[in-house]
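To keep things clear, I will list the structure first and then write my remarks on it.
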Amino acid sequence: MNTDFVSAVKFSNLWEGKAHLLDKSGHAPFWDSSDRFTPIFARFLASVDQT
């Protein structure tokens, strides 16, 4: 995947205003990169809980 392209795409409704890419992570980042995925997911859940 061309991550430079994905990072450059501008969408007004992306959570935190950006794409969250985890380098060297596979299809299931919650499984193979949980140390990096969990903090991002926790922030997402906290932001949803505030609405």
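The values are calculated or read from the model by the stated rules, or taken from the named source; none is laboratory data. Predicted, not measured: the structure shown is a model, and the values here were computed from it. Cβ placement follows ideal geometry from the backbone for every residue including glycine, while neighbour counts extend to all protein chains displayed. When the accessible area is computed, the model is the full protein with side chains, heavy atoms only, and any ligands, DNA or RNA have been set aside. Shrake-Rupley method; radii C 1.70, N 1.55, O 1.52, S 1.80 Å.
Every residue in segment 1-46 that is among the basic types (Lys, Arg) and not in a helix (DSSP H, G or I), please. Break it down stepwise before answering.
Step one: list which residues in segment 1-46 are among the basic types (Lys, Arg), which gives 10, 18, 24, 36, 43.
Lys10, Lys18, Lys24 - these are the residues of segment 1-46 that are among the basic types (Lys, Arg) and not in a helix (DSSP H, G or I).
Considering only residues of segment 1-21 that are touching a residue at least 12 places away in the same chain (Cβ under 8 Å) and over 18 Å from Leu45 (Cβ atoms), which is surrounded by the most Cβ atoms within 10 Å (Cβ to Cβ)?
Residues of segment 1-21 that are touching a residue at least 12 places away in the same chain (Cβ under 8 Å), as a first pass: 3, 6-7, 15-16, 19-21.
Remaining after also requiring over 18 Å from Leu45 (Cβ atoms): 3, 6-7, 19, 21.
Numbers: Thr3: 10, Val6: 11, Ser7: 10, Ala19: 13, Leu21: 11.
Per the criteria, the residue is Ala19.
Looking at segment 22-47, which of its residues are open to solvent by less than 70 Å² (accessible area, probe 1.4 Å) and either more than 20 Å from Asn2 (Cα to Cα) or touching a residue at least 12 places away in the same chain (Cβ under 8 Å) (or both)? I'd like the intermediate steps shown before the answer.
In the first step, residues of segment 22-47 are kept if they are open to solvent by less than 70 Å² (accessible area, probe 1.4 Å); the result is 22, 25-26, 28-29, 33-34, 37, 39-40, 42, 46-47.
Answer for segment 22-47, where residues must be open to solvent by less than 70 Å² (accessible area, probe 1.4 Å) and either more than 20 Å from Asn2 (Cα to Cα) or touching a residue at least 12 places away in the same chain (Cβ under 8 Å) (or both): Leu22, Ser25, Ser34, Phe37, Pro39, Ile40, Ala42, Ala46, Ser47.
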